[in-house]
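Structure first, commentary second.
The values are calculated or read from the model by the stated rules, or taken from the named source; none is laboratory data. Source: prediction; values computed, not measured. Cβ atoms come from the backbone with ideal geometry, glycine included; neighbour counts cover every protein chain shown.
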Amino acid sequence: MIIRQIKLNNFRQFKDRCTIDFSTDKTNNVTVVMGDNGAGKTTLEQAFTWCMYGSTNFAIQELINRDVRESMISGDIAVVSVELLVNYNNHEYSIMRKQRFEKKTTRVEKISNDIFLVKEQNSNGEFIPLPDIKGVATVREFMPEELSAFFFFDGERLEHMSKELLEHKRSDNFKGAVRGLVGLTAMLEAIEHLGKPGRKSGVIGQFDSLIDNAGNSNLSEIAGVIDNLMSKQENLKKQIDDWSDEEARYSDDMISFQAELKNMQEDINRRREFERLQALIQSEEKEKVKDRQALYNYFAKHSFGYLILPLLEEALGEIKTADKLDKGIPHIHADTIKFLLERGTCICGSKICNGDEATKHLEALMQTLPPYSIGNMIGQFANQARSLAVRETDFYEQMKQKTQAYQKHDAVINNAIDQRDDLEKFADKEKVNSIKIKLSTAKNALSRLRNDIINAKTECSRINDKVKYLENQRKEIRKTYSKNKQNMVYLEYAKVIWEQLKTTYDEKEEEVRLELEARINKIFENIYDGGIQISVDERYNIITNIVTDSGDYMSDLEKNTAQSYAIIFAFIAGIIEMAKNNNKDETNDGFPLVMDAPLSAFDKERIKRICTVLPTIAEQVIIFIKDTDGDIAEKYMDSIIGKKWLIKKHSKTVSSLEER
Amino acid sequence: MFDKQIIFTGKHAEYLRKLAKGSSKDDSEWVFQSNYEVLLIAPVIGFIYNRSAKAERDAGIKDNNIFLEAINRVRNDLEFTYRILMILHKKNDLSTEERLNRAFRYDRNDEKRKSGDEVFWGYVLGGIEVLYEKFIEESHGKDELVQNIYEFVESFQMTKINDFDQDSVIKLCKQAGI
């Protein structure tokens, strides 16, 4: 089925008549309908389902445009209609559903039932109405209602399924799809009609009770006990199912808590490292100040002895060339001699008289003593020079070492600062504790649940044994009554038929489930990433696993919206593929996919892949997109877009359609 | 000689204040803790850098004194520097005798020492200027100051000390009669 056109008349926001032509081109098979939130994307999408099957899932069931309704006066009649023009097996059809409304004094009421009309185009180009029942059957042939939800896929449903996936719930959507694809509705109804053995309802139950009625009080007593046990077992099984769901959720929680904690542990380690570096920087800064002051002090105290060094040799050389390095008598001053001469007595006690030899000698000596002679002074000078010459010989080395030691701190500090600046994010200690508490709660709940499940299972099998025993007992008693004979044969037949149908159906269902699972995985790999395995268990739990390089599975997958959407896209694409495959007589020349595509949940690469894969699986793609996503989608699908439409929102109650 | 307090005036008073600012309260972490530490090396540096300056007066700048008590701490070394500078100053212009007289003979004669003192204090002021330029003007921040001090020492080592011959100095000292 390919949809050529949709015509809306007063349908919700679409006041008066609105028409969209869809691209029917085989290559450019995409029609993009862009619209803001609230403009009417979901409405438009629901118009398809309403037209074909008469159902919508609007929260408010009223279909008539609010402006139209408000403007009606008593006695007015307004019409809401949706018409689809479709091509099926090379024939053109018109499918139309109409609902009339009448204003009665204050209220607007629906007039009887809606009108549903399917017309087929004849060779003259005229559309000829099909009889009512044929019309319904024809639409079913175009697309079975059970599967329609996957071909007309709205945003709400997408969110609902995504939530199911993220919260690890059993997927009723998946189950429904598999049932729809198996297609053996008659068989399923037969199974239901026969009724499960042990249940009161259904054919089997009725035979059971017929037999019992004919029996004695013992039999009805046993039947009562069996009934009780069976309903108890049923409840237990339901309980086990619920507990298993809960177990899976806690298990998921635990994995995510552990991962979070691991991340936080890394954060804690980072914080420790940060603090260590911070302390290192501080202590290095302190040491640096200390070393700097030590260097200053050393320079202030020792530089004199060092700076003077080159002057020593030169000065001493000068003195040497002056030949003035004469010696006086150590520590004897000219004043000393002057005193001796005036006293007239030498140090040795001899008399000194004016003009004698001793006086002359002493007078000559006086000239070699300070202040007349500088020899002695030079001696002291040389003495000082000698001590200076050896005092600061390692000054340069010391300064070099001290400067290097000082500058080394900078290297350590800068390195530490770089490392420190790399460590930014920290975990909150309180948050760590709260997660630890959550983790231990989940652990306890999990172990309690597992215990409960084991106990319930044990109880179930105990009940089973007891029921078997009771049934045998019943059988024995029943055999003793001849009038039961006939009914017992019927019962056995019914049981066998039920068993066979059930086994066949289950096999078929499993086959479909596994095939769908395989297709989903293949498509998912194309639109998302490799290395993720999606599995659907017998209870329709959808589980995602990471496949490691060594081929092992790890169930610790970080689920996110993008991923869940990707799984759903893969799921829808998988169903379309299988529906196409089931259509072996090739009467159906294709399936349309009408869907909301919240592309902003994905990154560019994935958008590209989704935009490439979906149009190759469905023959026709009608995609509803938010303004913000539109540009991206058009960028990647540009070569395959046949038509572009815009839903223009005029007010809360009125939108219109424009081709772009 | 060096028997009374020394008064610095004008910009040299200010330079010295900044060079020995460890004594002021704003930043105790500094190279020279006291004026006398600067005074000790200033004449040597002035001479080595061949930099002499005249005292200036500036009513706007407070004088900077070095008291006798502080001078006494470095007196021996100051006297030694004085004598060396007297020997080496204008080595080629003045007679050896005159230079040695200035170095050794006029310790107690303020009048005769006047020309020598002028030379010495000229180098002191020149040295203060050199130190001010290197340590204050050219150093932005403490790391740069450390680097400048090191470079100052290193260049001194390369140009002046590498040829220093300790044995030859000791030999000359012996010849001078000790």
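Data table
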{"read-out": "Flag for B:Phe152 being of a type outside the set (Asp, Glu), within 12 Å of chain A (Cβ to nearest Cβ) and assigned to a loop (DSSP other than H, G, I, E, B)", "value": "no"}
{"read-out": "Tally, over region A:388-428, of residues that are in a helix (DSSP H, G or I), more than 10 Å from chain B (Cβ to nearest Cβ), farther than 14 Å from A:Glu275 by Cα and without any contact (Cβ under 8 Å) to a residue 60 or more places away in the chain", "value": "5"}
{"read-out": "Boolean, A:Gln384 is polar (S, T, N, Q), in contact (Cβ under 8 Å) with a residue 12 or more places away in the chain and in contact with a Phe, Trp or Tyr (Cβ under 9 Å, 6 or more places away or on another chain)", "value": "no"}
{"read-out": "Any hit, region A:274-292, residues being within 14 Å of chain B (Cβ to nearest Cβ), without any contact (Cβ under 8 Å) to a residue 40 or more places away in the chain and of a type outside the set (D, E, K, R)", "value": "yes"}
{"read-out": "One residue from A:Glu397, A:Glu392, A:Glu459 being surrounded by fewer than 14 Cβ atoms within 10 Å (Cβ to Cβ) and out of contact with any strand residue (DSSP E or B) (no Cβ under 9 Å at 6 or more places or on another chain)", "value": "A:Glu397"}
{"read-out": "Count of region A:600-630 residues which are farther than 16 Å from A:Gly155 by Cβ and within 24 Å of the chain's Cα centre (by Cα)", "value": "10"}
{"read-out": "Residue match in region B:131-140 (condition: among the charged types (D, E, K, R), over 30 Å from A:Thr368 (Cβ atoms) and not in a helix (DSSP H, G or I))", "value": "yes"}
{"read-out": "Any chance B:Gly116 is surrounded by 13 or more Cβ atoms within 10 Å (Cβ to Cβ), under 23 Å from B:Phe2 (Cβ atoms), more than 11 Å from chain A (Cβ to nearest Cβ) and free of Cβ contacts under 8 Å to residues at least 60 places away in the same chain", "value": "yes"}
{"read-out": "Strands (runs of 3 or more DSSP E) wholly inside region A:66-160 that include at least 2 residues being touching a Leu at 6+ places or on another chain (Cβ under 7 Å)", "value": "A:77-88, A:91-104, A:107-121"}
{"read-out": "Members of region A:181-192 found to be in contact (Cβ under 8 Å) with a residue 60 or more places away in the chain and either touching a strand residue (DSSP E or B) at 6+ places or on another chain (Cβ under 9 Å) or part of a helix (DSSP H, G or I) (or both), listed by number", "value": "A:Leu181, A:Val182, A:Met187, A:Leu188, A:Ala190, A:Ile191"}
{"read-out": "Region A:365-381, subset more than 7 Å from chain B (Cβ to nearest Cβ), surrounded by fewer than 19 Cβ atoms within 10 Å (Cβ to Cβ) and part of a loop (DSSP other than H, G, I, E, B), residue modelled with the lowest pLDDT", "value": "A:Tyr372"}
{"read-out": "Meets criteria (more than 26 Å from the chain's Cα centre (by Cα), basic (Lys, Arg) and within 14 Å of another protein chain (Cβ to nearest Cβ)) for A:Lys238", "value": "no"}
{"read-out": "Region A:639-660, residues that are in a strand (DSSP E or B), over 22 Å from A:Lys26 (Cβ atoms) and touching a residue at least 24 places away in the same chain (Cβ under 8 Å)", "value": "A:Leu646, A:Ile647, A:Lys648, A:Lys649, A:Ser655, A:Ser656, A:Leu657"}
